[in-house]
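Here the structure is laid out as structure tokens; the discussion comes afterwards.
What follows is calculated from the coordinates using simple rules that are stated; it is not laboratory data. Because the structure is a prediction, the values reported are computed rather than measured. FYI the Cβ positions are ideal-geometry reconstructions off the backbone, even for glycines, and counts take in every protein chain you see.
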Amino acid sequence: MIDEPVLHDTDTLEVNLGPQHPSTHGVFRMNVKLEGETIVSLKPIMGYLHRNHEQIAENMSYLGSMPYTDRLDYFNSMSNNFGYALAVEKLANIEVPERAQYIRVIMAELTRLVNHVSVIGFLLNDLGAFFTPILYAFREREKILDIFEEIAGSRMMCNYLRFGGLKLDLPPSVLDRIKKIVQGFPKFLDEFEGLLTKNEILCMRCQNVGILPYDLAVSASITGPMARASGVNYDIRKIDGYSIYNRLKFRVPLGKVGDVYDRYMIRILEMRQSVWILEQVLKEIPEGPIINPKMAAFAKAPRNFKPPKGEAYGRVEAPKGELGFYLVSDGTPQPWRYHVRAPSFINLTVLEDLCIGHKVADAIIILGSIDIVLGEVDH
Amino acid sequence: MFGVLRGMGITFKNFVASYFLPRKPNSLETGGMVTLQYPEERLPEKERFRNFPFLIYDTKPDDLRCVACDICAKECPPKCIYIVRDNDEQGRPLKKPKVFDIDFTVCMNCGICEEACPFDAIFMDHEFEVGGPERQQSLVYHMDQLLKPATHFAKIRPTDHVAIEEKRRKEAEKKRAAAQAQPKPPEAKPPQA
């Protein structure tokens, strides 16, 4: 269990972890006060990567923000596109053809696999297993990114979804390759788990470290795998049933303790569920158009797309949590208000509560288990 | 103890396998070793891969397809395209650009210029080894650097090339048919000297 901080008659030591620090996953600073090696206070300082995302989007056509959403959470550009497209479709009341819905779900789930394998790899990096597990993860990730490149033209900055559908149809034979990856993924997960799950050092370092209690998770509006590791049954794919998720069978894994180990385990289990979803979707994918013809007309002139006056909030279960886009339209080609609910920014707010009483080395893995991407935190 | 040993066993298996499993050159498909010896060894380029835009011309660089309509510059999200329309001696606008600059330090490779172009004049290139000795001037590409022949496009994107040639041929036919159906418009007055 957690050692109670022993207070001696000495001053506390103030340490800045970051903004340039290998453990902080980007330009993020933790202002830590130490009593010996025990953390007594931690102040997260963010904003080093602030890029004025919302204001830029308010001065741009609706489609113009689509490539900018790629750069929010640059590990999961497809999910970000998905959330933004859902928000605009809600705002302008656009139907999406069936085939496009299926391809969107395939992309979103592949993105989840990419994100979860790499975040586990990075977590192990933080633990000191320097670059062995992450290279296993990157080997799988590379196969999926190759698929993204073939479909959308770019490995990470996909910019693939359009309002009312998709930019391009799948190239021939790519579905077979996705099927092959999905078939091989459980085998990789078994190998990855063999490497990590029962490893005594990993268990010792992760179990009962950084416990997030159920009540705190709910009151701090934590979402995603982090909330589910604390036992909060909150998965937007189940609650909203957006796109075709209400027709798909999958289960939501829940943790009991809410420590770093649970957050690791939840991600492994979620990947297994994603593989299940992908198998179902790949079996049923229909033929047909990939974009609503009404919206295809705007491809040549994105500036003429003017949603009616109103507001909309579109959200998806991104790999990091609830990713929401809030849009207010005043009938012009540019949104009057554009707001992003970034999951890793909100999940980061409980960092101090998780870290107090632990050692400095634990703070690093707690931060790693929260799974932040600074592009999204500082948007 | 068992967990650690099992993990080490997996690492050892992969370590040995990486030396003995063969890998096809220029491919990541099979084998244990997944590191590619770039630049000697390269992955085949994907057709849809996009990096920086280029301007296309059909036969010689003078008759480029771009008509300086400024649509791509308006739609470009980071506003990295700068176009000035060319004029003839009398100062009347011509349907071609005098200046066409793209700032590659600003361009974010989104491909919206290609989507928005109504004349199929700008496309995303596969060229990714772009560099310069300093940070500003050498990465602002001017028209002479951006112009590339249609054969280059046919080489990097064969499927798209066929579709676009087909579309352009149909459009040209339609235009010719329309011109034949209508009586010839009165000839434009010769410019006043």
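Observations, loosely collected:
- Only one of A:Ala217, A:Ala229 that is surrounded by 16 or more Cβ atoms within 10 Å (Cβ to Cβ), closer than 30 Å to A:Phe131 by Cα and away from chain B (no Cβ under 14 Å): A:Ala229
- A:Gly194 meets all of the listed conditions (1) surrounded by 15 or more Cβ atoms within 10 Å (Cβ to Cβ); (2) part of a helix (DSSP H, G or I); (3) within 22 Å of the chain's Cα centre (by Cα) but one, namely (3).
- Among the residues examined, A:Leu123 qualifies as part of a helix (DSSP H, G or I), more than 9 Å from chain B (Cβ to nearest Cβ), among the aliphatic types (A, V, I, L, M) and buried (at least 24 other Cβ atoms within 10 Å of the Cβ).
The rows are residues; the columns are (1) in a helix (DSSP H, G or I); (2) of a type in the set (D, E, K, R); (3) closer than 26 Å to A:Pro302 by Cβ.
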{"position": "B:Glu115", "(1), (2), (3)": "yes, yes, yes"}
{"position": "B:Phe123", "(1), (2), (3)": "no, no, yes"}
{"position": "B:Glu127", "(1), (2), (3)": "no, yes, yes"}
{"position": "B:Gly131", "(1), (2), (3)": "no, no, no"}
{"position": "B:Arg135", "(1), (2), (3)": "no, yes, no"}
{"position": "B:Ser138", "(1), (2), (3)": "yes, no, no"}
{"position": "B:Lys155", "(1), (2), (3)": "yes, yes, no"}
{"position": "B:Ala163", "(1), (2), (3)": "yes, no, yes"}
{"position": "B:Arg168", "(1), (2), (3)": "yes, yes, yes"}
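- Hits in segment A:153-167 - residues which are at the interface with chain B (Cβ under 7 Å from one of its Cβ atoms) and out of contact with any helix residue (DSSP H, G or I) (no Cβ under 6 Å at 6 or more places or on another chain): A:Gly153, A:Ser154
- Test: residue in segment A:302-313 that is within 14 Å of another protein chain (Cβ to nearest Cβ), part of a loop (DSSP other than H, G, I, E, B) and not acidic (Asp, Glu): yes
- Among the residues of segment B:71-100, those identified as more than 22 Å from A:Ser61 (Cα to Cα) and either assigned to a strand (DSSP E or B) or within 14 Å of chain A (Cβ to nearest Cβ) (or both) are B:Val84, B:Arg85, B:Asp86, B:Asn87, B:Pro93, B:Leu94, B:Lys95, B:Lys96, B:Pro97, B:Lys98, B:Val99, B:Phe100.
- Hits in segment A:201-215 - residues which are closer than 19 Å to A:Leu348 by Cβ and not in a helix (DSSP H, G or I): A:Val209, A:Gly210, A:Ile211, A:Leu212, A:Pro213
- Here the condition is being surrounded by fewer than 18 Cβ atoms within 10 Å (Cβ to Cβ) and free of Cβ contacts under 8 Å to residues at least 60 places away in the same chain; of A:Asp330, A:Asp353, it holds for A:Asp330 alone.
- Residues that are more than 17 Å from A:Pro186 (Cα to Cα) and in a helix (DSSP H, G or I), drawn from segment A:94-120: A:Glu98, A:Arg99, A:Ala100, A:Gln101, A:Tyr102, A:Ile103, A:Arg104, A:Val105, A:Met107, A:Ala108, A:Val119
- In segment A:133-145, of all residues being surrounded by fewer than 18 Cβ atoms within 10 Å (Cβ to Cβ) and at the interface with chain B (Cβ under 8 Å from one of its Cβ atoms), the one that is nearest to the chain's Cα centre (by Cα) corresponds to A:Glu142.
- Any chance A:Ile285 is among the hydrophobic types (A, V, I, L, M, F, W, C) and within 14 Å of chain B (Cβ to nearest Cβ): no
- Within segment A:314-365, the residues that satisfy the criterion of being of a type outside the set (Gly, Ala, Ser), within 14 Å of the chain's Cα centre (by Cα) and not in a strand (DSSP E or B) are A:Pro319, A:Lys320, A:Pro343, A:Phe345, A:Ile346, A:Asn347, A:Leu348.
- Count of segment A:36-82 residues, restricted to those that are surrounded by fewer than 18 Cβ atoms within 10 Å (Cβ to Cβ), over 30 Å from A:Asp11 (Cα atoms) and β-branched (Val, Ile, Thr), is 1.
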